[in-house]
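A short worksheet on the structure shown next.
The values are calculated or read from the model by the stated rules, or taken from the named source; none is laboratory data. The structure displayed is predicted, hence computed values, not measured ones. Here the Cβ is made from the backbone with ideal geometry for all residues, glycine too, and neighbour counts use every protein chain on show.
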Amino acid sequence: MQIAGIVVVAAVITNIAFYFLSGMYFEDRSAIYGGVTPEHISSVRGAFGVFTGSVAIASVIASLAPRLTGHAIAAAASIAALIAGVAAVSKGITFELPAALIVSGIVLAVLVMKSLQRARGAWAFLIGMTSVFAAVLLFGSTKIRGALDIGLWTALIIPGLLAVATVSLAMVRDEYRDA
């Protein structure tokens, strides 16, 4: 419960800071590029709140059940990659992206299943994949934002949750020492 309190307080402080800093940003932006609507400002602040809230909730759940949380987020990423791969095929996107998404989705699914069976190699490789995907999607979030026509903070939810999965899986390392 102490961790939950710390996470909630950090999320609240972060949102308060973002509220004031975004106000200054939008004032400067308005001076240079013209007015910004209050609806746009509210939507950006709301998206940031959803981002910090989802990562904070996942972090609290991870502190209570790290094994379950890490594997659940990785399994969800596997399903999302498979769906995205099939969608990319149906849109006629060049072969490389759909193939990478489908292979990644299948590999993640197999790693999750084997890691749940306490296979140390699968667990270690799963941590590697979630951490790499978190980093790649963090830096690629602007591309995802444009491709899906969503806000930046919404696109950052995915790497945020993958970072939580990485930490969650690392928290259960003692369960894999003798495996």
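Figures for the structure shown
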| quantity | calculated |
| --- | --- |
| Residue within region 33-44 that is at pLDDT below 90, over 26 Å from Val136 (Cα atoms) and among the hydrophobic types (A, V, I, L, M, F, W, C) present | yes |
| Among residues of region 126-172, those that are under 15 Å from Ile73 (Cα atoms) and of a type in the set (Phe, Trp, Tyr), counted | 1 |
| Any hit, region 83-96, residues being touching a residue at least 60 places away in the same chain (Cβ under 8 Å) and either of a type outside the set (Val, Ile, Thr) or out of contact with any Asp or Glu (no Cβ under 9 Å at 6 or more places or on another chain) (or both) | no |
| Residue in region 14-21 that is loosely packed, with under 13 Cβ neighbours inside 10 Å and either assigned by TED's automatic domain parsing to the domain that holds Ala163 or in a loop (DSSP other than H, G, I, E, B) (or both) present | no |
